[in-house]
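My questions all concern the structure below.
The values are calculated or read from the model by the stated rules, or taken from the named source; none is laboratory data. In this text, all values refer to a predicted model and were calculated from it rather than measured experimentally. Glycine gets a Cβ as well: all are built from the backbone with ideal geometry, and neighbour counts include every protein chain shown. Please note that ligands, DNA and RNA were not included when accessible areas were found on the heavy atoms of the full protein model with its side chains. Shrake-Rupley method; radii C 1.70, N 1.55, O 1.52, S 1.80 Å.
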Amino acid sequence: MKIALEAEPAPLEIDLARAALIIIDMQRDFLEAGGFGEALGNDVSRLAAAIAPCRKVLDAARHARMLIIHTREGHRPDLSDAPRAKIERGAPSMRIGAPGPMGRILVRGEPGHDIIPELYPAPGEPVIDKPGKGAFYQTDLALLLQNHAIETLVVCGVTTEVCVNTTVREGNDRGLRCIVLGDCCASYFPHFHEAGLAMIKAQGGIFGWVAKSQDFLVALPASECRQAIA
Ligand code: TIU
C-alpha cells in the first residue's frame, strides 16, 4: 500500500510494504541521569520531548504491521569493539566502561545500555547493537533491510545531529529513502537539533526528508498494510 506523506523539502509517496521504522538509541544511557549522556556533560532532560511522539509512532507502526527496528549504541564488556580514541575521552571515572548508577557506561547488558521502558522493543522486533554512531557501521542492518526489501526508512531517535544524522547519511548513500520525523528526535543542544534537521532537507533533500509525526500518523492506514500487500 502506498501512502502520501507531507514532508520537506517536498511531499512524497511511500510504499509501506517496503518501509521500516527505525528508532535510534532511545537508551537509558542517553535519556536518563547517570548514563553516558550525562557523563559527557549534557542535560539529559532535553531528550524527553521525543519520547511521547515516538511512542505514538511506534504504536501506529505496530498496528500497521510495519517492520520496526530498534538500535542501541554500546560495546562488549571487554571493550574490544571500542576504539581507544572513543574510550579515552573525558575524566576516567566518566568514560565508556566506567561504573555508573546504571551499570558500566555504554556497555551491552548493563541497565543503562537498554532501551527506555516507554519504547521497549516487542518480541520479534529486531534490535541492532552498534558500536558506532551510524547504525550501518559494523552491523547486519543492511542485510536485514535487504532481506525485507526495504527501500524507505522512517527515522526517529537520539540524538538528532549525532546518531540520527550519521545513520541517515549512511542510509542515503546505500540508496535508501530516509524520512526523519523531526519531533521524534532530540538533541542536548536545541540549535543542533534544528541544524541537524535543516541539513537533511536542504538542497532539495540532500540526505532525505523531514516530516512531522502527526502527518505520518494521519497518512498511515489503520489496516495491516504489510500483510495486505504480501
Ligand atoms: N553524544 C551524543 O549526542 N550522541 C551520542 O553519543 N550517541 C547518539 O547520538 N546515539
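Would you confirm, using the coordinates I've provided, whether residue 24 is within 16 Å of the ligand (Cβ to nearest atom), under 30 Å from residue 103 (Cβ atoms) and touching a Gly at 6+ places or on another chain (Cβ under 6 Å)?
yes
Any chance you could count how many residues in region 152-170 are more than 12 Å from the ligand (Cβ to nearest atom) and either open to solvent by 50 Å² or more (accessible area, probe 1.4 Å) or in a loop (DSSP other than H, G, I, E, B) (or both)?
So the count comes out to 1.
Go through region 33-77 residue by residue and tally those that are of a type outside the set (Lys, Arg) and within 16 Å of the ligand (Cβ to nearest atom).
Of the residues in region 33-77, 25 are of a type outside the set (Lys, Arg) and within 16 Å of the ligand (Cβ to nearest atom).
Given the conditions (1) more than 21 Å from residue 40 (Cα to Cα); (2) more than 14 Å from the ligand (Cβ to nearest atom); (3) in contact (Cβ under 8 Å) with a residue 12 or more places away in the chain; (4) part of a loop (DSSP other than H, G, I, E, B), and given that residue 137 satisfies all but one, which numbered condition is not satisfied?
Only one criterion in (1) more than 21 Å from residue 40 (Cα to Cα); (2) more than 14 Å from the ligand (Cβ to nearest atom); (3) in contact (Cβ under 8 Å) with a residue 12 or more places away in the chain; (4) part of a loop (DSSP other than H, G, I, E, B) is unmet by residue 137, namely (2).
Can I ask one more? Somewhere in region 207-225, is a residue touching a Pro at 6+ places or on another chain (Cβ under 9 Å), assigned to a helix (DSSP H, G or I) and on the phi > 0 side of the Ramachandran plot?
No, region 207-225 contains no residue that is touching a Pro at 6+ places or on another chain (Cβ under 9 Å), assigned to a helix (DSSP H, G or I) and on the phi > 0 side of the Ramachandran plot.
Which ones in region 28-71 are among the acidic types (Asp, Glu) and out of contact with any Asp or Glu (no Cβ under 9 Å at 6 or more places or on another chain)?
43, 59 - these are the residues of region 28-71 that are among the acidic types (Asp, Glu) and out of contact with any Asp or Glu (no Cβ under 9 Å at 6 or more places or on another chain).
Considering only residues that are closer than 27 Å to residue 97 by Cβ and of a type outside the set (Ser, Thr, Tyr), which ones fall in region 37-50?
Across region 37-50, the qualifying residues are 37, 38, 39, 40, 41, 42, 43, 44, 46, 47, 48, 50.
Against the conditions (1) in contact with a helix residue (DSSP H, G or I) (Cβ under 6 Å, 6 or more places away or on another chain); (2) surrounded by fewer than 19 Cβ atoms within 10 Å (Cβ to Cβ); (3) closer than 21 Å to residue 184 by Cβ, where does residue 149 fall short? Just the number, please.
(3)
Tell me the residue from 100, 112 that is within 17 Å of residue 34 (Cα to Cα), open to solvent by less than 40 Å² (accessible area, probe 1.4 Å), in a strand (DSSP E or B) and touching a residue at least 40 places away in the same chain (Cβ under 8 Å), please.
The match here is 100.
Return the residues of region 115-134 that are closer than 22 Å to residue 44 by Cα and not in a strand (DSSP E or B); say none if nothing qualifies.
116, 117, 118, 119, 120, 121, 131, 132, 133, 134, listed by residue number.
Just to verify a result, which residue in region 155-184, among those that are in contact (Cβ under 8 Å) with a residue 24 or more places away in the chain and of a type in the set (D, E, K, R), is farthest from residue 129 (Cα to Cα)?
Filtering first and then ranking leaves 183.
Looking at region 185-208, is at least one residue basic (Lys, Arg), open to solvent by 50 Å² or more (accessible area, probe 1.4 Å) and touching a helix residue (DSSP H, G or I) at 6+ places or on another chain (Cβ under 9 Å)?
No, there is no match, as no residue in region 185-208 is basic (Lys, Arg), open to solvent by 50 Å² or more (accessible area, probe 1.4 Å) and touching a helix residue (DSSP H, G or I) at 6+ places or on another chain (Cβ under 9 Å).
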